[in-house]
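Worksheet for the structure shown next.
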Amino acid sequence: MRSTIAVDGFRKLTAMSRATVSQFAGVRDLVKYVPRRALLYIPGSNQKMLDKVPNIKADCVVLELEDGVAMTSKHLARQQVVKSVDRLMTNRHDLKCFELGIRVNSVSSGLIEEDVTELSKAEHLPNAFMVPKVDSSEELAAVFDVFRRHYGAKRVMDTNTRLVIWIESARGMLDMPRILASALNLHKNSGFFKLDAVVFGSDDYCADIGAQRSADGNELVWARQRFVACCKAFQLQAIDAVFIDLKDMGGLKKYSEEGHRWGFTGKQVIHPSQVEIVQNAFMPTAEKVEWATELVHAFSQHESQGKGAFQFRGQMIDRPLLLQALNIVQMVERVGQQS
Ligand SMILES: CC(C)(COP(=O)(O)OP(=O)(O)OC[C@H]1O[C@@H](n2cnc3c(N)ncnc32)[C@H](O)[C@@H]1OP(=O)(O)O)[C@@H](O)C(=O)NCCC(=O)NCCSC(=O)C[C@](C)(O)C(=O)O
Ligand SMILES: [Mg+2]
């Protein structure tokens, strides 16, 4: 069974990881880790919900323009999101989340042009732009084109703003390696927003393949496992499906813990009541944090002696494992700063 981190143990580990990582400043720069255990949608058409954002402790807050907003409210939502992003990013150090993103409409919807036209009127960029229903690598070129035309090349190619995309169809699922490679290459070659995480749009995926949703979720097993493998092959975060039964907290916990065991980095949530359960499920265990902290420390010592690969607790350790350990250490450190 998963052991949770007791509060005192967690504080000790946080302090330990901070000391270890700060000793190791060169490696720290390799990874700028954004925790995304819980990614909460806020419909852009709902001003009352938008006003709650500064106090929301979800790791990632998504200002939603796509399917959480009715077709008749798209215009209102765009205008409210423009005002919100400027207000929130002006006071970004007061935000309780680690990332403020905006999910635009998909290329195939034909609405992305109007979204980006309106959003580019904001003075600030969000921490991340989020693009749903990416079905092919060609769509990424269209995304780049629309952002470059409306924001101007400098604003979209010289920024720390990240890219998060959704895979939500059979075609997107089969083409994932090509889509992810294209997105990463787009950043490398042009400086466009760097892809950092990929989200599984399971509701649209089920609709696309004609699957019926069931209580045990068997119809999604293959897709969720393929999805994780593709993301991790490109060292990207993998965000699991939405759990739509708002009253079933036991089910939410079960699916969140399963997602964590399967390699997902976090999960989408639609209601504030889901945030804490999901965040707890995606915290690394105390044993894992201790392993990661010790590994980073050992790597630091070996590297100062000129050794790249070495043995640690009977395992061969090299750079990929170091990056994995650093993600864990930085996640614990950042979450510790937030609480
Ligand atoms: C389900 C709904 C309508 C129930 O909303 P409600 O107002 O009926 O709920 P409530 O329980 O009565 O609300 C209690 C309090 O929480 C607030 N609240 C409630 N929800 C939120 C929220 N998200 N963010 C911030 N605050 C929220 C709400 O305003 C209220 O505040 P109050 O006590 O002060 O009056 C509401 O929770 C909601 O709109 N959630 C987001 C829905 C959404 O954006 N869906 C689209 C994303 S999922 C998706 O697209 C699929 C995917 C990935 O693409 C694919 O699988 O294919
Ligand atoms: Mg969807």
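Contact annotation: residue pairs with Cβ atoms under 8 Å, 6 or more positions apart or on different chains, pairing a residue in the stretch 197-211 that is more than 10 Å from ligand 2 (Cβ to nearest atom) with a partner that is among the β-branched types (Val, Ile, Thr) and open to solvent by 10 Å² or more (accessible area, probe 1.4 Å), are 197/265.
Checking the structure you have, find out if any residue of the stretch 192-207 is in a helix (DSSP H, G or I), of a type in the set (Lys, Arg) and more than 25 Å from residue 249 (Cβ to Cβ). Working first, answer last.
We begin by selecting, within the stretch 192-207, every residue in a helix (DSSP H, G or I); these are 202-207.
Next, from what is left, pick out any that are of a type in the set (Lys, Arg): none.
No, the stretch 192-207 contains no residue that is in a helix (DSSP H, G or I), of a type in the set (Lys, Arg) and more than 25 Å from residue 249 (Cβ to Cβ).
Those helices (runs of 4 or more DSSP H) of the stretch 256-339 in which 1 or more residues are buried (at least 22 other Cβ atoms within 10 Å of the Cβ) and in the same structural domain as residue 222 (by TED's automatic domain parsing) occupy 275-281.
Of all residues in the stretch 88-99, which are more than 14 Å from residue 122 (Cα to Cα) and either of a type in the set (Val, Ile, Thr) or open to solvent by less than 20 Å² (accessible area, probe 1.4 Å) (or both)? Of everything in the stretch 88-99, those that are more than 14 Å from residue 122 (Cα to Cα) and either of a type in the set (Val, Ile, Thr) or open to solvent by less than 20 Å² (accessible area, probe 1.4 Å) (or both) turn out to be 97, 99. Screening 178, 224, 171 for residues that are open to solvent by less than 60 Å² (accessible area, probe 1.4 Å) and assigned to a helix (DSSP H, G or I) leaves exactly one candidate, 224.
Within the stretch 110-133, work out how many residues are acidic (Asp, Glu) and open to solvent by less than 30 Å² (accessible area, probe 1.4 Å).
Within the stretch 110-133, the first condition is being acidic (Asp, Glu), and the residues that meet it are 113-115, 118, 123.
Of the ones still in play, those that are also open to solvent by less than 30 Å² (accessible area, probe 1.4 Å) are 115.
Adding up the residues that qualify gives 1.
Checked against (1) more than 16 Å from ligand 1 (Cβ to nearest atom); (2) part of a helix (DSSP H, G or I); (3) of a type outside the set (Phe, Trp, Tyr), residue 115 passes all but condition (1).
Report yes if residue 262 is in contact (Cβ under 8 Å) with a residue 12 or more places away in the chain and not hydroxyl-bearing (Ser, Thr, Tyr), otherwise no. Yes; evaluated as a whole, the condition is true for this residue. Working only within the stretch 36-48, note down all residues that are within 10 Å of ligand 1 (Cβ to nearest atom) and either open to solvent by less than 10 Å² (accessible area, probe 1.4 Å) or touching a residue at least 40 places away in the same chain (Cβ under 8 Å) (or both). Result: 39, 40, 41, 42, 44. For the stretch 295-335, a residue qualifies if it is over 20 Å from residue 235 (Cβ atoms) and among the polar types (S, T, N, Q), and the qualifying residues are 300, 301, 304, 305, 311.
So, of the residues in the stretch 49-87 that are farther than 17 Å from residue 115 by Cβ and open to solvent by 10 Å² or more (accessible area, probe 1.4 Å), which turns out to be farthest from ligand 1 (Cβ to nearest atom)?
Pass one, the stretch 49-87, residues farther than 17 Å from residue 115 by Cβ: 49, 51-61, 87.
Filter once more, so that each one left must be open to solvent by 10 Å² or more (accessible area, probe 1.4 Å): 49, 51-52, 54-57, 87.
Working: 49: 4, 51: 9, 52: 5, 54: 11, 55: 10, 56: 7, 57: 12, 87: 16 Å.
That would be 87.
The values are calculated or read from the model by the stated rules, or taken from the named source; none is laboratory data. Predicted, not measured: the structure shown is a model, and the values here were computed from it. So basically every Cβ, Gly included, is an ideal-geometry build from the backbone, and we count neighbours across all protein chains shown. Protein only, heavy atoms only, side chains kept; ligands, DNA and RNA dropped before computing areas. Shrake-Rupley method; radii C 1.70, N 1.55, O 1.52, S 1.80 Å.
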